[in-house]
Amino acid sequence: MKEQAHRISMRVLELLKEAREERGVSGYRLAKLCGLHQTTLSLFDNQKRTPTLESLLQIALALELDLGQLINRATAEVPAGDVQEEGKRKARVKRAKA
């Protein structure tokens, strides 16, 4: 479950980045619009940091996007089966190391 939530939030970040780029908004400009630090946005863009719901909402509002729609789209695009298989694989690896 945690892995699926992480993958969905990462997909939401990808969608936000795509929207930002389509609109021609720089990372610097977006930082000013949403009140987040430019470094934080860069970490989100490069998926090196997981955003809070509040951060996602700040970015979506700055880009005039509906966060709920983005979450629904990301949820539909992240196959649950892949996440379940990944969890099973990690469990096998842990057992093999023990």
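Listed here are the residues, each with its yes/no results for (1) under 27 Å from LYS2 (Cα atoms); (2) hydrophobic (A, V, I, L, M, F, W, C).
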{"site": "GLY27", "(1), (2)": "no, no"}
{"site": "HIS37", "(1), (2)": "yes, no"}
{"site": "ASP45", "(1), (2)": "yes, no"}
{"site": "ALA80", "(1), (2)": "yes, yes"}
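Does segment 57-66 hold any residues that are touching a residue at least 12 places away in the same chain (Cβ under 8 Å), touching a helix residue (DSSP H, G or I) at 6+ places or on another chain (Cβ under 6 Å) and part of a helix (DSSP H, G or I), and which are they?
Of everything in segment 57-66, those that are touching a residue at least 12 places away in the same chain (Cβ under 8 Å), touching a helix residue (DSSP H, G or I) at 6+ places or on another chain (Cβ under 6 Å) and part of a helix (DSSP H, G or I) turn out to be GLN58, ILE59, ALA60, ALA62.
Enumerate the pairs (first residue in segment 17-29 and touching a residue at least 40 places away in the same chain (Cβ under 8 Å); second residue anywhere and of a type in the set (A, V, I, L, M, F, W, C) and in a helix (DSSP H, G or I)) with beta-carbon separation below 7 Å, excluding pairs fewer than 6 apart on the same chain, so at least 6 apart or on different chains.
ARG20/LEU30
Of all residues in segment 4-61 being among the basic types (Lys, Arg), closer than 20 Å to GLU77 by Cα and more than 9 Å from the chain's Cα centre (by Cα), which is surrounded by the fewest Cβ atoms within 10 Å (Cβ to Cβ)?
LYS17
How about segment 1-56: which of its residues are among the β-branched types (Val, Ile, Thr) and assigned to a loop (DSSP other than H, G, I, E, B)?
Once the filter is applied, which keeps residues that are among the β-branched types (Val, Ile, Thr) and assigned to a loop (DSSP other than H, G, I, E, B), segment 1-56 yields VAL25, THR50, THR52.
Any read-out appearing in this document is the output of simple, stated calculations on the displayed coordinates, not a laboratory observation. Please read all numbers here as calculations on a predicted model, not as lab measurements. In this analysis, Cβ positions are derived from the backbone assuming ideal geometry, glycine residues included, and neighbour counts consider all displayed protein chains.
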